[in-house]
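The values are calculated or read from the model by the stated rules, or taken from the named source; none is laboratory data. These figures come from a predicted structure and were not determined experimentally. No Cβ is skipped: glycine too gets one built from the backbone with ideal geometry, and neighbour counts run over all protein chains shown.
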Ligand code: MN
């Protein structure tokens, strides 16, 4: 549910109170000087001059009175300075996942959320990404994919290991994937263009474009970079959910191959699991479902040696 806080000058507060007088309710909470309950939004005015709008109609109602402080101001992000009201613009967002997981692919998604679909995407359940569990994302991703122009790329482990052996860093692989996913979305939506593209920053602009130097098509127009970008526009939040969904689906497929559910991440548990797979299915199978150059491979090998030296 939307929750917007504005800091308003006294004259605005006076006029707001006048406007909502017919909806006034009594609220005996500390610091509350006025409260009103409209059909789709609750408005609370505090003695500090802050006004909170809560409910379905919060955004629309709040817009009549002022502009919420840009989230960028309170979030410690790194990257480009974003245009004003960025969260309400038509944006393609992109994000990746799976980079730190020993098992499974790297996935990248790019999603276009035009202004008029922002509310819909929020309604479909795109919230603060830290609150999103894997199960929840599995549930909402298909709706997001149906609702929005998007592209999702899966870099399977065989290909990853091959590229890695040829000297590609993860940064380069990610840059290539983001660029490709963004290009796909631009192609799908043409001739319409987004106002901006926002990449959840994993590399600064110069490094990102250096990775793309040999590419024929390089997406550059209106591209912005920021860390924590999923909090800055729902398009990036949607991209991170779709990327995660694709990652989980590939993990499901790989789990079927080994006959049990593969562990995410790169912990000791992963080492033990890798050792078990190595023993049961052989090196080639393990290689084909893992990021082989991770330290987990070495550790799994040692676990096996220990086991057989007993
Ligand atoms: Mn990211």
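Structure data summary
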item: All helices (runs of 4 or more DSSP H) inside region 1-110 with 3 or more residues being within 24 Å of the chain's Cα centre (by Cα); result: 71-74
item: Residue 199 within 13 Å of the ligand (Cβ to nearest atom) and either more than 16 Å from the chain's Cα centre (by Cα) or under 14 Å from residue 95 (Cα atoms) (or both); result: yes
item: Test for residue 168: is it farther than 30 Å from residue 115 by Cβ and surrounded by 19 or more Cβ atoms within 10 Å (Cβ to Cβ); result: no
item: Residue pairs meeting the criteria (Cβ under 7 Å; at least 6 apart or on separate chains; first under 11 Å from residue 268 (Cβ atoms), in region 291-302; second part of a helix (DSSP H, G or I)); result: 296/270; 296/271; 296/274; 299/271; 300/271; 300/274; 300/275; 300/278
item: Number of positions in region 202-218 that are away from the ligand (no atom under 16 Å from the Cβ) and under 28 Å from residue 87 (Cα atoms); result: 5
item: Among the residues listed as 192, 158, 221, the single one being out of contact with any strand residue (DSSP E or B) (no Cβ under 7 Å at 6 or more places or on another chain), under 16 Å from residue 118 (Cβ atoms) and at pLDDT 95 or above; result: 192
item: Complete set of residues in region 276-310 that are closer than 14 Å to residue 262 by Cβ and more than 32 Å from the chain's Cα centre (by Cα); result: 276, 278, 280, 281
item: Qualifying residue in region 67-79 (condition: out of contact with any strand residue (DSSP E or B) (no Cβ under 9 Å at 6 or more places or on another chain) and either surrounded by 15 or more Cβ atoms within 10 Å (Cβ to Cβ) or more than 30 Å from residue 235 (Cβ to Cβ) (or both)); result: yes
item: Elements of type helices (runs of 4 or more DSSP H) in region 225-291, at least 3 residues being over 22 Å from residue 181 (Cβ atoms) and touching a helix residue (DSSP H, G or I) at 6+ places or on another chain (Cβ under 7 Å); result: 268-281, 283-288
item: Answer residue from region 111-126, given it is part of a loop (DSSP other than H, G, I, E, B) and more than 16 Å from the ligand (Cβ to nearest atom) and is farthest from the chain's Cα centre (by Cα) among those; result: 114
item: Within region 219-247, tally of residues that are surrounded by 16 or more Cβ atoms within 10 Å (Cβ to Cβ) and away from the ligand (no atom under 16 Å from the Cβ); result: 1
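For (1) surrounded by fewer than 23 Cβ atoms within 10 Å (Cβ to Cβ); (2) within 22 Å of residue 196 (Cα to Cα), each residue gets a yes or a no:
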position: 82; (1), (2): yes, yes
position: 86; (1), (2): yes, yes
position: 91; (1), (2): no, yes
position: 96; (1), (2): no, yes
position: 99; (1), (2): yes, no
position: 102; (1), (2): no, no
position: 116; (1), (2): yes, yes
position: 126; (1), (2): no, yes
position: 132; (1), (2): yes, no
